[in-house]
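Comments concern the structure below.
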């Protein structure tokens with residue numbers, strides 16, 4: 001019966017180096033996330049605050065500092081040009097939720113602008129509780 005050969009002495013250090021590199025990547029990724037440098041960072045929301053000037057449609061705002069901004073992750077039916085079903089309702093909802101003067105926290109996307117020149121932003125409304 002053939003005997004199983006032990007790993008070579010040279011293969012063991014290579015495996016250890018690979019495991020150590022993987023551990024370093026994980027630790028750096030977690031540290032960046034906790035600092036807010038990564039996409040899921042906790043501090044990312046506190047980077048910029050802005051005020052809503054007006055809502056253009058269901059997925060586009062005009063912000064005081066940032067100007068015309070497209071909401072990332074929101075895709076509503078069109079209300080300009082070729083009107084689509086429920087576009088007016090989507091715009092009305094956004095106007096109720098983000099009335100002029102509402103304070104929002106914004107985060108810039110990796111891609112700065114969309115094909116129409118609008119800034120790409122993730123935003124959330126700041127609620128005054130008290």
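None of the figures in this text is laboratory data; all of them are computed from the coordinates on show. Keep in mind it's a predicted model, so treat the numbers as computed, not measured.
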Gain upon complete extension [residue 96, residue 84; 0.36 nm per residue less C-alpha separation]
2.3 nm
How far, in nm, would the chain grow between residue 113 and residue 21 when pulled straight, counting 0.36 nm per residue and subtracting the alpha carbon separation?
29.6 nm
Computed over the Cα atoms of the range 70-115, what is the convex hull's projected area averaged over all directions, in nm²?
4.2
What the 10 Å binned alpha carbon P(r) of the range 47-125 shows, as percent of pairs per bin from 0, is 20, 54, 25, 1
